[in-house]
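Structure record follows, encoded as structure tokens.
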Amino acid sequence: MKKSSFFWLATTAVFLFAQGCSSSTQPSSSAMTIHLISTGWQFRNVADSTWLPASVPGTVHTDLLQNGVIEDPFYRTNERDLQWIDKADWEYATTFEATPEVLAKKNCLLVFNGLDTYADVYLNDQLLLKSDNFFRSWEADAKPLLRAGSNNLRIYFHSPIKIGLEKLETLGYPLPASNDQSVIGGLGDKQVSIFTRKPGYHFGWDWGPRLVTSGIWQPIELKAWDDLRITDLFFQQISVSEENAMLKAHFSVEATGNFPASFQVREGEKVLATVIQQVKEGLQEMVVDIEIPHPKRWWTKELGEPYLYELTGAISIDNKTVDEKTHSIGLRTLRIVQKPDEKGSSFFVELNGVPVFCKGANYIPNDVFIPRVTDAQYENLIASAVAANMNMLRVWGGGFYEKDLFYDLCDQNGILVWQDFMFACSMYPGDKDFLENVRQEAMENVRRLRNHPSIALWCGNNENDVAWAQFDENRGWGWKQQYTKKQRAQIWKGYEKVFHEMLPMVVEANAPGTFYWPSSPYEGLGKHATENSTSGDIHYWGVWHGEHPFSEFRTHIGRFMSEYGFQSFPEFSTVKKYTIPEDWDIESEVMAAHQRSGIGNLRIRSYMEQHYQVPARFEDQLYVGQLLQAEAIKEAIEAHRIAMPYCMGSLYWQINDCWPVASWSGMDYYQNWKALHYAVKKAFEPVLLAAQLDSSALKVYGVSDLREDQALTLHVDLLDFEGNQRTSWDKEITLRSQTASLLDSLDLASLFAKGDPTQSVLHLRLLENGADRSTTLVYFLPPKDLNLPLTPNVQVEMTTRDGQYELVLRTEKLARNVYLQWEGAEGFFSENYFDLLPGEERKVTFSPKGKGLLPEEGDLRVKTLVDTY
């Protein structure tokens, strides 16, 4: 039995009656009970009779690891030896008690919040349901099969590879799936990821391993209730203004009889509305109108407070609550503005009538093994996004629809979410069963997420449109040319059915007014996005894949930059966790195995040669690689923000990793900030001072996300690397709100007449009443061509306070890219990889991870760029 689904329609109550509705009945006023079935689980390979302890939620891989059957899949090249796991069938089993109180209820449901993926569920040896979609929840009527006392629950997981191969054979031809690492999986060119509705990245990606999981990835619940339950509660915002907010609370209800019930909405203890409705047997929807006078609105962080109302919808019978649900609601208006202009068409978020420049990153799952991601890891990731001045994350379409906690944290912290449906870099089947499975998946997840104020838009897929390129025979990734005319028509028909018909209908029906975007990147109907599109969004990969210089970030700017990036290695402490010393070479087998973009490590080295003196030591190559990545993305972000309001979004690829790897991430698998994340924190500040060099001038720009103009002072210092001032001046400026402004254009010849460009730095500051509002340092040459002081003599003073170290750093001469690391200790530095000027005093805090003693003072390591020479 699959989970029931039904659409919300219009703004009136819709009743879906079960056949043979009974006459009025005397209801019970007892409340629903929920019991987790999480203990006593065992699992086995179906080909083996040995049962082993299992964790639920969990995966086969992590259960095998916990039992010592396999070694760490992330260590060295162990991944290759574990490809047998996805070819086997697996079985999980436990027993649970059904108490008399549960059995006395009129309804008993077993709810499976996440099964991965093809599963047959048996209760007391009777088939209860079959599942075939990782992204859906499943429920079944368990009452006929439950018995007093002990009950046996058994779940048989079929190999997703075996079923995928069967589906491939049935279709008769392969479908494109560029990142499916079938060769590593021992399948040759038989790519089967597209046939199974589970996370695409489990089959490998150009930043992730191929570890195709099975298991119970979300909790299992036994729900018992009598006459009525709330299956869903949707707070639809009809209008929001300074004066009032008008909402409709849509109660989706299942009842076993006909009787009156009280429907109430309250904020905390304050009752907002109560109505009495006659409930009828079956599924139905009841609507309660709500008005909130003088509402506090939800904003992104830089524009205001992300205020949330905690609203509860409760249903009572005979003055006793039988069921209730609570959601945190942010009152706001949000639309995506696409307004034609002389260059094309705009594409930006308008929040409560205010244009928002979206600053952030693409987000992937935090682990290949999703159930082991802790709440603390989610909290740290969102806190890191907030600390880096981000206001948007894009949940990318090759992962999964994230857990509720992720969206709750985004709501609480004023982070917008660009939400992809789970399709990426592939074409998919178009048969009836596949389409219906996708429709149910989409309905469930749109309904689950529609109360979150953070959801800015739904996007159909990642890059499928530009990869296939239906409307231009000479464009795309070479996919369509592999097929016959008939096959091409069949594949495209399925694409249009899903992304241009089904998904927009699901969004509009279940989250009315929410913006839907068919693909990313996308320019418009019948068009395909390019690196120079003047409408829609752009993925620009000329830097990195195309080997373009960093300066090309300035010339390939669209209305919304939803992907661009540059790779780096993780820090040495991370690399040491998956390597041994003989692996410490960027071209070693193990380092190559933890680099899934085939060109990756040598591409990093190639760019490094253009900008830096390439270090000889492996550890130093990791460090300089991070500096290189930070410089690339800093240049991109500044170019995008300088182009404001033409460009109104900058989301780099990517904020996080799913395993320890060389990748495009700004935080590694262990959530250590790379140099990139520190650079992004500064580049995304609400007020930004940025500069761009051309052949004859240095152009100085001010960028503001704030809603009011500011009167500021631009202060300019030209310094040599010893700290001597060569020239200095001030200029009074007005920084205009929510745009970029050219503040000054400085003649390079005049500057070079006062200071040697090989050993000079321009210190630019925006001052407000004498205090720094934004600062930046400008060097006139790449680091490899600068005559940096070889002995900057960085000095550190340490004090302890509240379980933290407080560091004060000073230097006698310019110290570039100061990198702090505590040997043998894990923790967080408030600043790192920074330049330190002579005479400057920089204060940094170090917070150790977890509780315990502070590391020894003598174990602090300070590295600067010249230490790699």
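The values are calculated or read from the model by the stated rules, or taken from the named source; none is laboratory data. What you see is a predicted model; the values in this text were computed from it and never measured. Heads up, the Cβs are rebuilt from the backbone with ideal geometry, glycines too, and the neighbour counts pull from every protein chain shown. SASA here: full protein model, heavy atoms, side chains in, ligands and nucleic acids out. Shrake-Rupley method; radii C 1.70, N 1.55, O 1.52, S 1.80 Å.
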>> I'd like to check which strands (runs of 3 or more DSSP E) are fully inside segment 826-869 and have at least 3 residues that are closer than 16 Å to residue 794 by Cβ.
In response: 834-836, 842-848, 860-863
>> Looking only at segment 206-231, filter to residues that are out of contact with any Asp or Glu (no Cβ under 9 Å at 6 or more places or on another chain) and farther than 30 Å from residue 87 by Cα; which one of those is surrounded by the fewest Cβ atoms within 10 Å (Cβ to Cβ)?
In response: 226
>> So residue 237 passes all but one of these: (1) in contact with a strand residue (DSSP E or B) (Cβ under 7 Å, 6 or more places away or on another chain); (2) not in a strand (DSSP E or B). Which condition number does it fail?
In response: (2)
>> Checking residue 403 against (1) open to solvent by 10 Å² or more (accessible area, probe 1.4 Å); (2) under 20 Å from residue 674 (Cα atoms); (3) within 13 Å of the chain's Cα centre (by Cα), only one condition comes out false. Which one?
In response: (2)
> Is there any pair linking a residue in segment 514-537 that is without any contact (Cβ under 8 Å) to a residue 24 or more places away in the chain to one that is in a strand (DSSP E or B), with Cβ under 8 Å and at least six apart or on different chains, and which?
Replying inline: 530/538
> With 414, 397, 430 as the choices, which residue is more than 25 Å from residue 326 (Cα to Cα) and open to solvent by less than 10 Å² (accessible area, probe 1.4 Å)?
Replying inline: 397
> Within the bounds of segment 457-465, is there any residue that is open to solvent by 10 Å² or more (accessible area, probe 1.4 Å), part of a loop (DSSP other than H, G, I, E, B), closer than 22 Å to residue 202 by Cα and of a type outside the set (Gly, Ala, Ser)?
Replying inline: yes
> Which residues, counting only those in segment 837-869, are modelled with pLDDT of 85 or more, within 27 Å of residue 376 (Cα to Cα) and crowded, with 16+ Cβ neighbours inside 10 Å?
Replying inline: 844, 846, 848, 855, 860
>> Given the options 600, 625, name the one that is open to solvent by less than 20 Å² (accessible area, probe 1.4 Å), within 26 Å of residue 520 (Cβ to Cβ) and among the small types (Gly, Ala, Ser).
In response: 600
>> Out of everything in segment 1-47 that is part of a loop (DSSP other than H, G, I, E, B) and at pLDDT 95 or above, what residue ends up being surrounded by the most Cβ atoms within 10 Å (Cβ to Cβ)?
In response: 41
>> Out of the residues in segment 792-819 meeting the condition of being free of Cβ contacts under 8 Å to residues at least 24 places away in the same chain and part of a strand (DSSP E or B), tell me which one is nearest to the chain's Cα centre (by Cα).
In response: 801
> Which of the residues that make up segment 112-125 are within 29 Å of residue 402 (Cα to Cα), open to solvent by 10 Å² or more (accessible area, probe 1.4 Å) and not acidic (Asp, Glu)?
Replying inline: 113, 118, 122
> What number goes with the only condition from (1) assigned to a strand (DSSP E or B); (2) open to solvent by less than 20 Å² (accessible area, probe 1.4 Å) that residue 355 does not pass?
Replying inline: (2)
>> Restricting to segment 541-555, and then to whatever is charged (D, E, K, R) and assigned to a helix (DSSP H, G or I), can you tell me which residue is nearest to residue 625 (Cα to Cα)?
In response: 552
> Of these, 707, 641, which one is open to solvent by 10 Å² or more (accessible area, probe 1.4 Å) and either assigned to a strand (DSSP E or B) or more than 30 Å from residue 573 (Cβ to Cβ) (or both)?
Replying inline: 707
>> Give all pairs with beta carbons closer than 6 Å in which a residue from segment 128-144 that is part of a strand (DSSP E or B) meets a residue that is of a type in the set (D, E, K, R); count only pairs at least 6 apart in sequence or on separate chains.
In response: 130/120; 133/197; 133/441; 138/3; 139/3
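Residues being among the polar types (S, T, N, Q), surrounded by fewer than 20 Cβ atoms within 10 Å (Cβ to Cβ) and within 33 Å of the chain's Cα centre (by Cα): count how many of those fall in segment 287-339.
Going through segment 287-339, the residues among the polar types (S, T, N, Q) turn out to be 300, 312, 316, 319, 321, 326, 328, 333, 338.
Then keep just the ones that are surrounded by fewer than 20 Cβ atoms within 10 Å (Cβ to Cβ); that gives 312, 316, 319, 321, 326, 328, 333, 338.
After this cut, where a residue has to be within 33 Å of the chain's Cα centre (by Cα) as well, the list is 312, 326, 328, 333, 338.
Of the residues in that region, 5 qualify.
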> Can you tell me which residues in segment 164-180 are assigned to a loop (DSSP other than H, G, I, E, B) and either open to solvent by 30 Å² or more (accessible area, probe 1.4 Å) or out of contact with any strand residue (DSSP E or B) (no Cβ under 9 Å at 6 or more places or on another chain) (or both)?
Replying inline: 172, 173, 174, 178
> Out of all the residues in segment 340-352, which are open to solvent by less than 10 Å² (accessible area, probe 1.4 Å) and aromatic (Phe, Trp, Tyr)?
Replying inline: 347
>> Test of understanding: among 749, 740, which residue is loosely packed, with under 12 Cβ neighbours inside 10 Å and hydrophobic (A, V, I, L, M, F, W, C)?
In response: 749
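Which of the residues belonging to segment 431-479 are on the phi > 0 side of the Ramachandran plot and in contact with a strand residue (DSSP E or B) (Cβ under 8 Å, 6 or more places away or on another chain)?
Once the filter is applied, which keeps residues that are on the phi > 0 side of the Ramachandran plot and in contact with a strand residue (DSSP E or B) (Cβ under 8 Å, 6 or more places away or on another chain), segment 431-479 yields only 463.
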> Filtering segment 126-163 down to residues that are out of contact with any Leu (no Cβ under 9 Å at 6 or more places or on another chain) and aromatic (Phe, Trp, Tyr), which residue is most open to solvent (accessible area, probe 1.4 Å)?
Replying inline: 156
>> Pull out all pairs, ordered by first then second residue, where Cβ-Cβ is under 7 Å, the residues are six or more apart or on different chains, the first lies in segment 424-436 and is in contact (Cβ under 8 Å) with a residue 24 or more places away in the chain, and the second is open to solvent by 80 Å² or more (accessible area, probe 1.4 Å) and of a type outside the set (S, T, N, Q).
In response: 430/493; 430/497; 435/497
> What pairs come up if the first residue lies in segment 185-204 and is free of Cβ contacts under 8 Å to residues at least 40 places away in the same chain, the second is open to solvent by less than 20 Å² (accessible area, probe 1.4 Å) and of a type in the set (Lys, Arg), and their beta carbons are under 9 Å apart, counting only those six or more places apart or on different chains?
Replying inline: 203/210
> How many residues does segment 181-205 hold that are small (Gly, Ala, Ser), under 17 Å from residue 397 (Cα atoms) and open to solvent by less than 10 Å² (accessible area, probe 1.4 Å)?
Replying inline: 1
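Can you confirm whether segment 773-789 contains a residue that is in a strand (DSSP E or B), under 37 Å from the mean Cα position of the chain (by Cα) and on the phi > 0 side of the Ramachandran plot?
No, segment 773-789 has no match at all.
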> From the list 751, 767, which one is over 28 Å from residue 819 (Cβ atoms), in contact with a Leu (Cβ under 9 Å, 6 or more places away or on another chain) and assigned to a helix (DSSP H, G or I)?
Replying inline: 751
>> Just the residues that are in a helix (DSSP H, G or I), surrounded by 11 or more Cβ atoms within 10 Å (Cβ to Cβ) and among the acidic types (Asp, Glu), please, taken from segment 577-591.
In response: 583, 589
> Does residue 570 qualify as being assigned to a loop (DSSP other than H, G, I, E, B), closer than 30 Å to residue 340 by Cα and of a type outside the set (Ser, Thr, Tyr)?
Replying inline: no
